[in-house]
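Asks: The following block contains the structure, expressed as structure tokens.
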Amino acid sequence: MAYFQYFRDSFDSLNISFGDLLPEEALLLWLRVYSYQDLRQMTGAELKKSVSSLREDLLAIAQEQPVEVRTEPVETENKTGILGRFIALHPEHVHVAFVHPMNMQTSEWVLGHEQGRQHLEAALGHKVTVRSYFHADTQEQAEALLEQAVEEGADVIFTTTPQLSRATLRMAVKYPKVRFLNCSVDTPYSSIRTYYGRIYEAKFITGAIAGAMANDDRIGYIGSNPIFGVPASINAFALGAQMTNPRAKICLRWSCMAGAPQEEFLQAGIRVFSNRDVPTQDKKYLNFCSYGTYQLNENDQLEPLASPCWVWGAFYEKVVRSILAGTWEKDKNSPRALNYWWGMDSGVIDVNLADCLPEGVETLARLLREALRSGALDPFRRRVIAQDGTVKNDGSRSFSAEELLHMDWLCENVEGSIPEFEEIEPFAQPIVRALGIHRDRIPVEKEETK
């Protein structure tokens with residue numbers, strides 16, 4: 001209580017407007033950047049300076065809707081007219097840094113982002129200098145690598161996992177002239193921008209494939225973590241399966257919980273399942289039959305069908321082109337935090353199709369892909385009923401990005417539930433604490449204050 005009083009006194013004494021933000025709300029954000037140990041050791045002047053440096057972030061979380069979700073790519077051409085082209089200040093060359101946990105040999109996720117980095121270099125050539133930094137595996141290692149990237153001249157820094165958001169925010173506050181982006185979603189920090197992909201669109205396609213291929217109407221689905229956007233993916237898959245098989249039932253299990261879902265499905269006689277998504281465009285991962293949607297064929301062998309995949313190069317190229325064009329600054333026109341959530345229409349998300357798909361199923365999948373890319377198809381613009389019988393959509397409208405990201409219910413043809421924090425394994429708890437759809441229910445992590 002004494003620490004809070006100390007913080008509140010400093011907060012209240014600042015001659016700065018923070019809108020209707022309460023001191024306790026400000027403290028929660030402050031603790032995302034600093035620690036209780038910092039609070040104990042800072043002088044009054046140091047504490048005031050640290051709060052002042054977070055003003056833009058504090059103003060963002062004071063908004064009724066602190067996060068602005070952008071579902072379309074940033075503008076990559078400066079359309080300010082002839083005079084604007086003479087006045088506009090934009091760089092001719094950009095130093096780009098990627099900061100990853102682990103490395104390409106130990107993480108397929110990192111490999112996918114590094115392939116995106118390679119695409120960026122090939123697409124922009126001499127206009128960019130690109131460096132990658134690996135093994136940001138702890139908070140201290142992440143901050144040290146981010147400091148190194150800034151010292152080596154980085155103008156824009158991408159940190160490629162949600163677990164790096166805290167270190168990214170700390171460095172963004174420290175170096176406000178450097179552009180920082182973190183690969184996560186629904187994070188209310190104005191100092192950084194976040195980015196992710198609408199993977200549910202590709203899940204709708206793989207759901208349609210699964211529905212067509214499941215002989216007994218039962219389909220297994222292995223969910224990753226109960227975080228923002230994941231229930232939308234489960235439901236899109238379920239709706240896709242229902243489109244090709246009205247009797248389809250989705251048996252939901254979670255890889256973040258105890259158990260062996262695939263073995264459980266096989267023992268139950270389920271022969272078609274959906275697992276984690278392919279992290280790159282390389283189809284070899286699809287053939288591993290531990291990614292995407294696959295089946296147990298008539299020879300009792302696992303056989304790939306299809307998988308959503310990430311195309312990170314398309315995202316990185318568009319963002320860096322917007323910086324080169326001078327449109328990066330214009331993209332943010334409000335005090336809210338800016339989150340990019342792009343999909344198949346921007347080329348950031350795609351679906352890999354296995355070579356063994358039946359011709360008719362492959363044709364359907366390609367038609368669905370083109371419809372999603374063009375905007376002619378919205379997986380959720382239809383009658384949608386939840387497990388409890390509630391009509392979530394009568395088919396007359398589309399869900400907003402916020403509704404999709406914060407979806408915390410499951411469709412009527414899904415058998416299973418969304419786990420609570422206490423039910424998941426310790427290895428998954430950090431990401432669920434940061435991005436969990438029920439994160440407001442999670443007790444605050446206690447920190448040593450001695």
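The values are calculated or read from the model by the stated rules, or taken from the named source; none is laboratory data. It should be emphasised that the depicted structure is a prediction, and the values quoted were computed from it without experimental measurement. So basically every Cβ, Gly included, is an ideal-geometry build from the backbone, and we count neighbours across all protein chains shown. Only protein heavy atoms, including side chains, enter the accessible area calculation; ligands, DNA and RNA are left aside. Shrake-Rupley method; radii C 1.70, N 1.55, O 1.52, S 1.80 Å.
Asks: With the condition being in contact with a Gly (Cβ under 7 Å, 6 or more places away or on another chain), open to solvent by 10 Å² or more (accessible area, probe 1.4 Å) and farther than 30 Å from GLN63 by Cβ, I'd like the strands (runs of 3 or more DSSP E) fully within the stretch 180-271 carrying at least 2 qualifying residues.
Replies: Output list reads 249-254.
Asks: Here is a further query. Against the definition (out of contact with any Gly (no Cβ under 6 Å at 6 or more places or on another chain), at positive phi and either open to solvent by 30 Å² or more (accessible area, probe 1.4 Å) or not hydrophobic (A, V, I, L, M, F, W, C) (or both)), how does ASP155 come out, yes or no?
Replies: no
Asks: Of everything in the stretch 369-388 that's small (Gly, Ala, Ser) and assigned to a loop (DSSP other than H, G, I, E, B), which residue is surrounded by the fewest Cβ atoms within 10 Å (Cβ to Cβ)?
Replies: Only one residue tops the list, namely ALA376.
Asks: Also, quick follow-up: Restricting attention to the stretch 347-375, and to residues there that are out of contact with any Ser or Thr (no Cβ under 6 Å at 6 or more places or on another chain) and polar (S, T, N, Q), which single residue is nearest to LEU305 (Cα to Cα)?
Replies: In this case the residue turns out to be THR363.
Asks: Something else now. Exactly one of (1) of a type in the set (A, V, I, L, M, F, W, C); (2) more than 20 Å from GLY207 (Cβ to Cβ); (3) open to solvent by 20 Å² or more (accessible area, probe 1.4 Å) is unmet by PHE315. Its number?
Replies: (3)
Asks: With the structure loaded, tell me whether LEU404 is at pLDDT 95 or above and crowded, with 18+ Cβ neighbours inside 10 Å or whether it fails that test.
Replies: When the stated conditions are applied, LEU404 passes them.
Asks: While we're on this one: What number goes with the only condition from (1) crowded, with 21+ Cβ neighbours inside 10 Å; (2) more than 28 Å from GLU64 (Cα to Cα) that ARG366 does not pass?
Replies: That leaves (1) as the condition not met.
Asks: Checking ASN299 against (1) open to solvent by 50 Å² or more (accessible area, probe 1.4 Å); (2) within 25 Å of ILE199 (Cα to Cα); (3) not in a helix (DSSP H, G or I); (4) not aliphatic (A, V, I, L, M), only one condition comes out false. Which one?
Replies: Failed condition: (2).
Asks: Something else about it: Within the group VAL414, VAL391, which residue is among the β-branched types (Val, Ile, Thr), buried (at least 21 other Cβ atoms within 10 Å of the Cβ) and over 29 Å from LEU120 (Cα atoms)?
Replies: VAL414
Asks: A follow-up question, please. Mind listing whichever residues of the stretch 28-78 are open to solvent by 80 Å² or more (accessible area, probe 1.4 Å), out of contact with any strand residue (DSSP E or B) (no Cβ under 9 Å at 6 or more places or on another chain) and either within 28 Å of LYS318 (Cβ to Cβ) or aromatic (Phe, Trp, Tyr) (or both)?
Replies: Those that are open to solvent by 80 Å² or more (accessible area, probe 1.4 Å), out of contact with any strand residue (DSSP E or B) (no Cβ under 9 Å at 6 or more places or on another chain) and either within 28 Å of LYS318 (Cβ to Cβ) or aromatic (Phe, Trp, Tyr) (or both): GLU56, GLN65, GLU75, GLU77.
Asks: Is at least one residue of the stretch 1-15 over 28 Å from ASP186 (Cα atoms), open to solvent by less than 20 Å² (accessible area, probe 1.4 Å) and in a helix (DSSP H, G or I)?
Replies: Yes - at least one qualifying residue is present in the stretch 1-15.
Asks: Report, by residue number, each residue of the stretch 227-272 that is without any contact (Cβ under 8 Å) to a residue 12 or more places away in the chain and of a type outside the set (Asp, Glu).
Replies: If the condition is that a residue be without any contact (Cβ under 8 Å) to a residue 12 or more places away in the chain and of a type outside the set (Asp, Glu), then PRO246, GLY259, ALA260, GLN267 are the ones that fit.
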